[in-house]
Amino acid sequence: MSTDAIKQTDEWDWENPPMPPTDLIFDDGEPLESNRHRIAMNTLIRSLQEAWSERNDFFTGGNMFVYYNSAQARNRDFRGPDFFVVLDVDATVSRQGWVVWDEGGRYPDVIVELMSPSTAAVDTGIKKGIYERTFRTRDYFVFDPFDPASLQGWRLDANFRYQSIAPNEQGWLWSETLGFWLGTWQGTIDREIAVWLRFYDRAENLVPLPEEAYVAQAEEERQRAEQEKQRADRLAEQLRALGIDPQF
């Protein structure tokens, strides 16, 4: 993601708000750092959507603008998070970006930035400060898709200050807000073999992508059919042993 200068601005003044700009830009023209960064972002988005496929009370997006005050919108000086989630909002609304003043003042509840050597200092410095003091995002994580040991996370405490999240034995970090672990998983996604950042449920089961869930369901159905066939074969053998033709 671009490392253009990022300026921290005052919070949106809900008592005397200026007229919001009408010429918001929702595509900054800046590509993600690499194809692996793109896959990593989409993996988080798609797996969360799969896990919560029956819910319509959240929005998740990535590499899109989060507009939070008029100065920031006017200066075009802040790129959007690589991955973010906002809870308790209408998921059926079509959005090009996240515009705080159009969303009742709601900021992202969880953010993940996918770092690179050129963005790490900004992601763990200026951006972290904005997410802590302005956004008050409850859980913030950073991860470099090319460095499996880079995962870090912070949770907002009662004083609205970030405290580091302690990893479990596998090095995963718990997101209290989402009710999922964030941890690494090695495998192939979109034909690229890498160590990916993935969600795990409370029991530490991998949260699947839609295609993985489909394969798992197909395998369950195959096993169920095989078990039914085995039961039918055993019953047929028992009937033949009794001199009964199983065809009748």
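The values are calculated or read from the model by the stated rules, or taken from the named source; none is laboratory data. Owing to the predicted nature of the structure, the values given are computational and were not obtained by experimental measurement. Cβ placement follows ideal geometry from the backbone for every residue including glycine, while neighbour counts extend to all protein chains displayed.
Miscellaneous remarks
- Here V89 does not qualify as modelled with pLDDT of 90 or more, in a strand (DSSP E or B) and within 17 Å of the chain's Cα centre (by Cα).
- Residues in segment 62-86 that are buried (at least 16 other Cβ atoms within 10 Å of the Cβ) and either at pLDDT 90 or above or of a type outside the set (F, W, Y) (or both): 16 in all.
- Residue in segment 114-133 that is in contact with a Pro (Cβ under 8 Å, 6 or more places away or on another chain), assigned by TED's automatic domain parsing to the domain that holds L156 and not in a helix (DSSP H, G or I) present: yes
- Condition met for V142 (surrounded by fewer than 18 Cβ atoms within 10 Å (Cβ to Cβ) and in the same structural domain as I39 (by TED's automatic domain parsing)): no
- Selected residue (only one of Q186, Q170, Q223 is at negative phi and assigned to a strand (DSSP E or B)): Q186
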